[in-house]
Each structure stands twice: as C-alpha cells, then as structure tokens.
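Just so you know, all these numbers are worked out from the coordinates, no wet-lab data involved. Nothing here was measured: the structure is a model prediction, and the numbers come from that model. Cβ sites come from the backbone with ideal geometry, for glycine too, and all protein chains shown count toward neighbours.
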C-alpha cells in the first residue's frame, strides 16, 4: 500500500508503531450523508463512544420504540421536541447545535454527499464550522470517517497529540500548531497516520478502553 510505504519512510518512530500495530483498518462509512455524520459527531462530543451511541439509539427509538428506525432527515429531527431530545440524554447545548445543523441542511449550507465530494477539505471546514456547535475537529471526523479524505491531521484531537507524544517520548503533548508542522512530511496520508496515532494512545490505556471514533 502506497500510504503505508510513505509513512514507513517518512518518520522512524511512526514506522516502528506501524510495524507493531500492523495493517491499517481505517474505513470510511461511504453510505452516510454529511448531515447524519455531523449529528452523530455532536452526540460524541465530550462523551465516551458507548454513552454517545446509547443516546443516539434512544433518539432513533422515538419513532419506532426499538432503536431500529432510520436516521431522521433534517425536517424530521427539527420536528422532535427539545424535551424529547433531553429525555434521550442530549444537553441543551447539543440540542441547539443539532437544530442549527438541521436548519443549515434545509438551507443547503450542509451539502449532500455528492456535493461534498466536489468540495476541498478546507472549503468544507470553513463552511461547516460557521454553524453553531461545530468546530474543526467535528468536521475533520466527517472528512475522515464519512468522506474518506486521505490527508487530514486532526491536531486538536487529544488522543492524536498523545499518540505523537508517546512515540516521540516527549514530556508533554505538542501544541496543535507544532503537531501540524511536525507531521507535514506525512502528507498526503495524514488520515492514516492519525489512525496509527490513535492506536498508540489506545495502547497506553487500560484494557477494554478504545478510541470512541475508531472503535479499535
């Protein structure tokens, strides 16, 4: 794989991590629309993955009662009373952010998957971070895990910075700007590099605790 070869040659400490971890298992969900990805990312903000998925499951159960319903569209989610979403476990801040995403989808600000495919990373980041409650990290998760963009380095991600600290044996995590500079040589495969840095951070955790976004 070209990405693996590039990363092995680009950085010796990262190369050692890659050899230890093995094949990259980063996969994008190519069926998911950006709207759904943003709503799911909002649910995951500042929560463990299992807790976020439980909240989302309760939201999906509002229509059918079993958690197996299709993901609502923007109009459908806007029609859900905030009190019902609070009952699912969403904070008022997250509800406000979700409603802003719904309104932006209806206004065409949040693109469809087909539209997003034609938009550069930074254009998507600039457009979507204009929405309430949507930061750069949230859009970067969409880019990596929904749109499959290969060259995203989420430098604001705590676990990515921790992974870099661990493989470089640093006393403290690098600042986001420093990490961005330090990882430029990993382009155009920085999404793969980020996946390996998540693995490095996971290795340092107690057994059974994994990164909520990658699930490995």
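A few points about this structure:
- Principal axis dimensions, the chain - Cα atoms, whole angstrom, descending: 53, 39, 29
- Taking other C-beta atoms within 10 Å as the exposure proxy, 158, 35, 71 rank 158, 71, 35 from fewest upward.
- For the range 18-122: span of alpha carbons on each principal axis (Å, largest first): 49, 31, 25
- Rough spin-label spacing in nm, given labels placed 7 Å along Cα→Cβ, for residue 16 and residue 47: 3.9
- Sorted fewest first by neighbouring Cβ atoms within 10 angstrom, 128, 77 come out as 77, 128.
- Helix 12-21 vs. the chain, principal-axis angle (Cα, 0 to 90°, nearest 10): 60
- Gaussian network model of the chain, springs between alpha carbon atoms under 10 Å - residue of 28, 193, 70 with greatest fluctuation: 70
- For the range 32-101 and the range 167-192, distance of Cα centres in Å: 33
- Angle between the chain longest axis and helix 92-106 axis [Cα atoms, degrees, rounded to 10]: 80
- The chain: calculated mean residue ellipticity at 222 nm from DSSP helix runs of at least 4, using -39500 (n - 2.57): -17500 deg cm²/dmol
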